Amino acid sequence: MNSPYMTEIKILKNILDQNRHRADENRAVFQKHGILALNFIASPGAGKTTLLERTISGLKGKMEFAVIEGDITGDYDARRLAALGIPVVQINTEGGCHLDAGMVHRAFQDFQLDKTDILAVENVGNLVCPAEFDLGEAFKVVVLSVPEGDDKPAKYPLIFSEAGAVIFSKIDLLEAVNFDLEKARADVRRINREAPIFELSAATGQGMAEWVDWLAARAAEQGKSKTG
């Protein structure tokens, strides 16, 4: 007996297979040019854009950035980042809850890849949908702000299990909210033993130096793999 659910599963599998193929192509391009590509994922309001502003400013003169900004609509965050004097491409999904590898592939055609050290993709604000879609990034950076609550790693294990780095952001608000750092760290470690965990505030600068130094080291490693 035919089932509509089987059809839906087949369509989803085809979409993910096509996305994976394009992601592999993207990754090969980034590898060729020695670019460290990062996929920033967080809920709305977690502070991704402010984090990127402080990160880019912290590496100004040392690393060349380009940014792909993903939003359902509007270009407010893109304009904030472009004000730093870096190339930015806006992608509006018009209702879609994530970016895919094809969108990213089209977007980076506008960049001078040989002059780019770090490509930051700021994904649509969501901890669920983006987890399924590889964009060709070197790793995912998952940002969790302390006002969101310490239960998010336990509630959304897939995205935290796939993270190459986890950031607890807005750490300056820790005393004002009910967020148990030890619990959050333990929940992340139960599903991901490798990803470094950073605790920082992009607003005050607390913890930013450790994150920026670590990121610069990863970008330098990636740059050494550049092929001619």
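Taken together, the values in this text are just the output of simple stated rules run on the coordinates, not laboratory data. Computed from a predicted model, the values in this text were never measured in an experiment. Using ideal geometry, Cβ is built from the backbone for each residue, glycine included, and neighbour counts are taken over all protein chains shown.
Would you be able to tell me the number of residues in the range 96-116 that are among the aliphatic types (A, V, I, L, M) and farther than 27 Å from Ala216 by Cβ? Number of matching residues: 1. Within the range 180-191, the residues that satisfy the criterion of being touching a strand residue (DSSP E or B) at 6+ places or on another chain (Cβ under 8 Å), in contact (Cβ under 8 Å) with a residue 24 or more places away in the chain and surrounded by 16 or more Cβ atoms within 10 Å (Cβ to Cβ) are Ala184, Val188. Outside any loop (DSSP other than H, G, I, E, B) and over 19 Å from Arg218 (Cβ atoms) - does that describe any residue in the range 117-128? Taking every residue of the range 117-128 in turn, none turns out to be outside any loop (DSSP other than H, G, I, E, B) and over 19 Å from Arg218 (Cβ atoms).
Are there helices (runs of 4 or more DSSP H) fully within the range 148-204 with at least 2 residues that are of a type in the set (Val, Ile, Thr)? List them.
Working: elements: 152-155, 157-161, 181-191.
Ranges flagged: 181-191.
The one condition from (1) buried (at least 19 other Cβ atoms within 10 Å of the Cβ); (2) within 22 Å of Ala120 (Cβ to Cβ) that Pro196 does not meet is (1).
Scanning the range 16-59 for residues that are more than 19 Å from Met103 (Cα to Cα), in a helix (DSSP H, G or I) and hydrophobic (A, V, I, L, M, F, W, C) yields Leu51, Leu52, Ile56.
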